[in-house]
Amino acid sequence: MRILLTISLWLFASGAFALDAATVNKLGFGDGDEKIAAIAALVAEGDPAAAALLQAATDGELQTAGKLVLIVKGEEAVNAATGAKVTPLPEEREDVILNNRVRRELGGAMAALKLISPDRATRLAAAKELTGNADQAMLPLIKKALASETDAGVKQLLELTQATLELKTGTKESRIAAVRTLGLSTNPNTKMLLLGILEKSKEGGYAEPDEDIRIEAQKSLKALEGRLAWGERAGVLFTSVSLGSILLLAALGLAITYGLMGVINMAHGELIMVGAYTTYVVQNLFKRTDFFDWYLLAAVPASFIAAAAVGMALERLVIRWLYGRPLETLLATWGISLMLIQTVRTIFGAQNVQVENPAFMSGGMELLTGVVMPWSRIVIICFAGAVLVGMWLLLTKTRLGLFVRAVTQNRPMASCVGVPTARVDTWAFGLGSGIAGLAGCALSQIGNVGPDLGQSYIVDSFMVVVLGGVGQLAGTVYAALGLGFANKLLEAWQGAVLAKIAVLVFIIFFIQKRPQGMFALRGRALDA
Amino acid sequence: MTGGISRRLYGPRGWAILALFCVAVFGVMPVLNLAVPADSPFHVSAYWVTLLGKIMCYAIVAVAMDLVWGYAGILSLGHGLFFALGGYSFGMYLMRQIGSDGQYRQPMPDFMVFLDWKEFPWQWWNSDSFWWCAMLVIVVPGLLAYVFGYFAFRSRVKGVYLSIITQALTFAAMLLFFRNATGFGGNNGFTDFRRILDIPIATPQTRMALFAITGATLIGTLLLARWLTTSRFGRVLAAIRDAEQRVMFCGYDTVHYKLFVWTLSAVICGVAGALYVPQVGIINPGEMSPANSIEIAIWVAVGGRGTLIGPLIGAGLVNGAKSYFTQAFPEYWLFALGLIFILVTLFLPQGVMGFLGKKK
């Protein structure tokens, strides 16, 4: 980006070079203070030639030879003031030394100059960089940029910066206007600024002597605080929904295998892990091709199929023989989970592996300053919703779904009317496992992928299913979202670990009160 | 079934095995470890004394687990928690016994100095008293089990539901103990013990004494469990396991029976934990991980549920295999353990004891 900018500025600039020679000399030969003054002057000029010169200084291309200040690029040199080519390259050259203070000024100056770049993204980035660390000398330039700025987002940021600067130096009217502008901001730093105005000084008076400004500041502060509080609430809401969707994904498969079929599958977490590692393998296959950004399209079905295959094999080989003995099923599936963990460790190593996000999932949407919703999380929320809808359709609208429901409600009767119950069991278990694989594919996008991935989700996902009630999907959805909210709200109040403990203890007590979960299926059997 | 077991447990052969075990623990081991010179082939090294002592602690836990699972049909996935609580209770005393010999040469335990705590938190009240901590070893797991069991059994939570909830309980406790602020050393737990009752802990004599006490506790636990399960109480318990509702309709209050055996089992686990900590020399929240608690269940399953002797054998077999595998082929231990889980549940539902019984 920066290189492109440099080149474009360079090409643009080389024709119309005409900078004040005195300023350029100050930059080349002056001491620290003089250099800073020169930089400020160059910024104030705000034309492309100045930008090119400052960029050259930033890149360390500024040299002096005798009384000339040169911009040296490789074997070519240009007179920094006039833009004329200097040939041949003078032998005796010295680098212009820039100390840290000057460099810092230079950084701010470059950001200010980027404000006049034709590219919107560059301007936005520059405007962001300037909020909070703008210098008085940049005020004219910011005003100039504001006059020509068309983009609303950039304009807002610039107005904010302008207001911050005006507040320090401007006339009373302009300062009141500045305080009002600050009230429209969403930046937590602005709050500090406004608080600074209202602060009482040690002598008992106010830091800000003008009462009108204080009143305005009070109003702006109130508006700002209200907006920040909403931002915070929106942030908590988003993280809650995000956690809820993750819990939902992890628990949906379990809602089939445990909720509908009654199989305690302690290896469920490891099926999630299988999905995550499948995503990793698919990602590696796509790494050398040009379609890397699309690898998820292949990884989603692949992780479903891989986990479903493992699940069906388990059902055929082990679980089938243990129907009706839930405690034994629990132990046997735990054994399976240990073996799956060790298998993965043997193949992929005990360390976590890297799964990269495709480009469209990195970054995020910024609600307010500091409240960012990452795209990956948004995609996962949508994905969880899609999986939920897909599963609901499959269970209610297809023949397989009909069979599954029939077998779970009344196995002997279903068998009598010709439903192949054993095969339905295998398919249903495969479906539940496949959904665990999908969860693994999603989780690989936001968390670590390692052999212990499944262990960290198994307790949570059982809690979701148990809390929601066995036997239907609605309870699972409510329980997942409810636990997501409870966790995040408590987390904001007491910290993550205590929140988790509190939620677990709550569930333990809740189960005692309502052993069938929130949404119990009504039946007449005494022993459910 | 109960008749057969009582015959087997009380028969002449049962007594003979018990006597042999007593001779081994109280006679042969001390002599071979302390009296036989170290270069003799008959010498039993400190490693073996510690290992066998550790396995005997596990065997106590397995017998306690058999009481609730084998006889009352309650599969607990939280017994590791009771074990660790007993260990932590006694560990507090051992930490206080270090005195000022810790790394920082201060009267507070090292981790508290490290966290810059000036006073002991309330949990540590009176923890320099041996008898107080010994009481905590029994009271803490017992109280937790009683309260939890009271609510769970009263609302008729049972079967797999109960298993999952106990797992959540131990998981929550593990998270709690991982925090430094809980006051039990966080990640690292307690270690680096020096003395017990002002006697240095690392001498062969102390080690042997702890070994013998563990052996005595194991025998005591076994006799207690045998008496309980062959009494009228044990018969009601087995009836509850097999048909709880029928027992209720006969007029028994099943909650009290289950609650008693559940609490007793937790207390025994706590005692085992307290014996385990000074021998192994460390206790940390890892002991509370759900995986550890499930392993206890597999010891019982391997040996055979509802046989009391079986779980003892199972704990020995599984842990013996574990020590061997983790040294010889560490990468295959999880495969082996997983296979044990699967094969035993599929092919040996009665465990080793059932297998032996069939042969006869």
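Only the coordinates and a few stated rules stand behind these numbers; no lab work does. Computed from a predicted structure; not experimentally measured. Reconstructed Cβ throughout: ideal geometry from the backbone, glycine too, with neighbour counts over all protein chains shown.
Report the equivalent ellipsoid semi-axes for region A:279-369 in whole Å, largest first, defined as the square roots of five times the eigenvalues of the gyration tensor built from alpha carbon atoms.
35, 17, 14
Just tell me how shielded B:326-336 is by partners: mean number of partner chain Cβ atoms within 10 Å of each residue's Cβ, no decimals. Present the calculation step by step, with values, prior to reporting the outcome.
On the way: counts 0, 0, 0, 0, 0, 4, 2, 2, 11, 7, 3.
The per-residue average across the peptide is 3.
Given all pairs of different Cα atoms, what value in angstroms does the Kirkwood hydrodynamic radius of region A:384-528 take?
Result for region A:384-528 stands at 17.3 Å.
Applying a 10 Å radius around every beta-carbon, put A:319-329, A:275-285 in order of their mean neighbour count, most first.
Descending mean neighbour count gives A:275-285, A:319-329.
With N set to the residue count of region A:233-513, report its C-alpha Rg divided by 2.2 N^0.38 Å to two decimal places.
Dividing the Cα radius of gyration by 2.2 N^0.38 Å gives 1.00.
Under 12 Å Cα-Cα from A:LYS143, which aspartates and glutamates qualify once same-chain neighbours fewer than 8 residues away are excluded?
Of all the aspartates and glutamates, those that pass the test against A:LYS143 - Cα under 12 Å, at least 8 places apart if same chain - are A:GLU159, A:GLU166.
Is the shape of region B:180-268 best called rounded, prolate or oblate, per the rule: a/c under 1.5 gives rounded, else a/b larger than b/c gives prolate, else oblate, with a ≥ b ≥ c the square roots of the Cα gyration tensor eigenvalues?
It comes out oblate by the Cα gyration axes.
Please get the size of the charge dipole for region A:233-513, origin at its Cα centre, with Cβ charges of +1 on Lys and Arg and -1 on Asp and Glu, quoted in debye to the nearest 20.
Working: 16 positive and 11 negative charges, 125 e Å.
Approximately 600 debye in magnitude.
For region A:302-340 and region B:256-292, what is the separation of their Cα centres, given in Å?
With region A:302-340 and region B:256-292 each reduced to a Cα centre, they are spaced 30 Å.
Would you kindly state how much longer the chain becomes between B:LEU20 and B:ALA212 on full extension, computed as 0.36 nm times their sequence separation minus their alpha carbon distance, in nm to one decimal?
Working it through step by step, the gained length comes to 67.7 nm.
For the pairs A:LYS26/A:LYS172; A:LYS168/A:LYS222; A:LYS114/A:LYS219, flag any whose C-alpha to C-alpha distance is greater than 30 Å.
Pairs exceeding the cut-off: A:LYS26/A:LYS172; A:LYS114/A:LYS219.
Could I have the simple spin-label model distance between B:ALA46 and A:GLN494, label points 7 Å from Cα toward Cβ, reported in nm to one decimal?
4.4 nm
State, to one decimal in nm², a quarter of the convex hull surface area for the C-alpha atoms of region B:89-208, i.e. the direction-averaged projected area.
So the Cα hull casts an average projection of 9.2 nm².
Starting from the Kirkwood radius over alpha-carbon pairs of chain B, derive D by Stokes-Einstein at 4 °C in a medium of 1.567 mPa s and give it in µm² s⁻¹.
Calculated translational D: 61 µm²/s.
Can you give the calculated 222 nm mean residue ellipticity of chain A, where each DSSP H run of n ≥ 4 adds -39,500 (n - 2.57) and the sum is split over every residue, rounded to the nearest 500 deg cm²/dmol?
-22000 deg cm²/dmol
Have a look at B:GLY316, B:GLY338, B:GLY286 and tell me which one the Gaussian network model of chain B (Cα, springs below 10 Å) gives the largest fluctuation.
B:GLY338
How large is the charge dipole for chain A, taken about the Cα centre, if only the Cβ atoms of Lys, Arg (+1) and Asp, Glu (-1) carry charge, to the nearest 20 debye?
Dipole about the Cα centre, nearest 20: 2520 debye.
Order B:73-79, A:264-270, A:503-509, A:97-103 from most to least packed using the mean count of other Cβ atoms within 10 Å.
A:264-270, B:73-79, A:503-509, A:97-103
Could you work out the mean count of beta carbons from other protein chains within 10 Å of each residue's beta carbon in A:451-462?
2
Using only the Cα atoms of region A:337-430, what semi-axes does the equivalent ellipsoid have when each is the square root of 5 times a gyration tensor eigenvalue? Give whole Å, largest first.
In descending order the semi-axes read 40, 24, 9 Å.
How big is the charge dipole of region B:2-359 about its Cα centre, in debye rounded to the nearest 20, if each Lys and Arg gets +1 on its Cβ and each Asp and Glu gets -1 on its Cβ?
Details: 24 positive and 15 negative charges, 261 e Å.
Dipole of region B:2-359, to the nearest 20 debye: 1260 debye.
Nearest 0.05, what FRET efficiency do B:VAL236 and B:GLN123 give at R0 = 25 Å with Cβ-Cβ as r?
0.10
Given the alpha-carbon gyration tensor of chain A, what are the semi-axes of its equivalent ellipsoid in whole angstrom, ordered largest first, with each equal to the square root of 5 times an eigenvalue?
63, 31, 18
Sort A:LYS168, A:LYS128, B:LYS118 so that the residue with the fewest other Cβ atoms within 10 Å of its own Cβ comes first and the one with the most comes last.
B:LYS118, A:LYS168, A:LYS128
Sorting A:GLU149, B:GLU119 on the 10 Å Cβ count, fewest up front, what's the list? Let's see the in-between values first.
Numbers: A:GLU149 21, B:GLU119 8.
Result, fewest neighbours first: B:GLU119, A:GLU149.
Using Cα-Cα distances under 8 Å and only pairs 6 or more residues apart, what relative contact order does region B:274-340 have, in percent?
About 17 percent, as a whole number.
Go through A:ALA414, A:TYR258, A:LEU489 and say which Cα lies farthest out towards the positive end of the charge dipole of chain A; charges sit on Cβ, +1 for Lys and Arg, -1 for Asp and Glu.
Working it through, the farthest residue towards the positive pole turns out to be A:ALA414.
Within 10 Å of each Cβ in A:503-516, how many Cβ atoms from other chains are there, averaged over the peptide?
That works out to 5 on average.
So for chain A, averaging the separation of alpha carbon pairs under 8 Å that are six or more residues apart and normalising by length, what relative contact order in percent results? Please report the intermediate quantities before stating the final value.
Values: 761 pairs, mean separation 78.3, N = 528.
Relative CO of chain A lands at 15 percent.
Please report A:GLU92, A:GLU315, A:GLU491 as a ranked list, fewest other C-beta atoms within 10 angstrom at the top and most at the bottom.
A:GLU92, A:GLU491, A:GLU315
Rounded to whole Å and sorted largest first, list the principal axis extents of the Cα atoms in the protein assembly as shown.
113, 76, 63
Find which of B:VAL113, B:PHE83, B:SER100 sits farthest along the positive direction of the dipole of region B:43-197, computed with +1 on the beta-carbon of Lys and Arg, -1 on that of Asp and Glu, about the Cα centre.
Highest projection toward the positive end goes to B:PHE83.
Over chain B, what relative contact order in percent results from Cα pairs under 8 Å that are six or more residues apart? Display every interim value, and only then the final one.
Details: 511 pairs, mean separation 111.5, N = 360.
Here the relative contact order equals 31 percent.
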